[in-house]
Amino acid sequence: MRILIVEDEGALSRQLATALKEGGYAVDCAADGERGDFLAQTERYDAIVLDLGLPKIDGLTLLRRWRDAGVDVPVLILTARGSWHEKVQGIDGGADDYVAKPFRMEEVLARLRALIRRASGHVTTDLRCGALALDPRAAKVTVNGVPVKLTSHEFRVLSYLMHHRGRVVSQTELTDHIYAEGSDRDSNTVEVFIGRLRRKLGVPYIETVRGMGYRIEEPG
Ligand code: CA
């Protein structure tokens, strides 16, 4: 899972990025509206955190632009405390949720988890596949209740597949959703991560669909 933060306050942006990385996400940051617009329209994200007051292009304009362009990624807007008209404009402009500044990091994380979960069609907080369970809150994976230790990339691959379980996900799609922008992307490494995940999970949950990609399903 991969998230874009569009926020011009450097300290706040870094704080958010750190918390999200610890939560198991790949994170990109944009410090102005222009950069945010470029990234949102060229990269693939599972959610965007959007500040409304931004240099170059303001958040509300960006949001409307994305929705007009068919960019349907869930957007969480950051609004000024007590500014009800910002919330209303944001929701009307296509935002999926909002958090008022100053906020607690836990609240942003919880709202993002909920947005990502809903966007992938899940209503329960726990992602399960037979004995395999992924807890997005703690960024932890267990098989039969026994913790499985994963690297951050392995976790992102598994999390993406679990959010889209039952569907075939291509290597390119996985690559797009597990790396931050500018990182050394090699689609062959997805194969390596899948191989390691299979060994660590023990049970063959991840199926290779020849020429198409991977699918996670309950073995049986
Ligand atoms: Ca701002």
Q | Restricting the range 134-164 to residues that are within 15 Å of the chain's Cα centre (by Cα) and free of Cβ contacts under 8 Å to residues at least 12 places away in the same chain, the residue that is surrounded by the fewest Cβ atoms within 10 Å (Cβ to Cβ) | A | Ala138
Q) Is it the case that some residue within the range 190-207 is outside any helix (DSSP H, G or I), basic (Lys, Arg) and in the same structural domain as Gly145 (by TED's automatic domain parsing)? A) no
Q.
Against the condition open to solvent by 20 Å² or more (accessible area, probe 1.4 Å) and farther than 19 Å from Lys200 by Cα, how does Arg167 come out, does it pass?
A. yes
Q. For the subset of the range 112-133 comprising residues that are of a type in the set (Val, Ile, Thr) and surrounded by 12 or more Cβ atoms within 10 Å (Cβ to Cβ), which member is nearest to Asp97 (Cα to Cα)?
A. Ile116
Q) Can you pull out the residues in the range 52-103 that are closer than 19 Å to Ile116 by Cβ and among the charged types (D, E, K, R)? A) Arg67, Asp72, Asp96, Asp97
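Listed here are the residues, each with its yes/no results for (1) aromatic (Phe, Trp, Tyr); (2) in contact with a Gly (Cβ under 6 Å, 6 or more places away or on another chain).
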position	(1), (2)
Leu54	no, yes
Pro74	no, no
Glu86	no, no
Gly90	no, no
Gly93	no, no
Phe103	yes, no
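The values are calculated or read from the model by the stated rules, or taken from the named source; none is laboratory data. Because the structure is a prediction, the values reported are computed rather than measured. Using ideal geometry, Cβ is built from the backbone for each residue, glycine included, and neighbour counts are taken over all protein chains shown. Areas reflect the complete protein model, heavy atoms only, side chains present, ligands, DNA and RNA absent. Shrake-Rupley method; radii C 1.70, N 1.55, O 1.52, S 1.80 Å.
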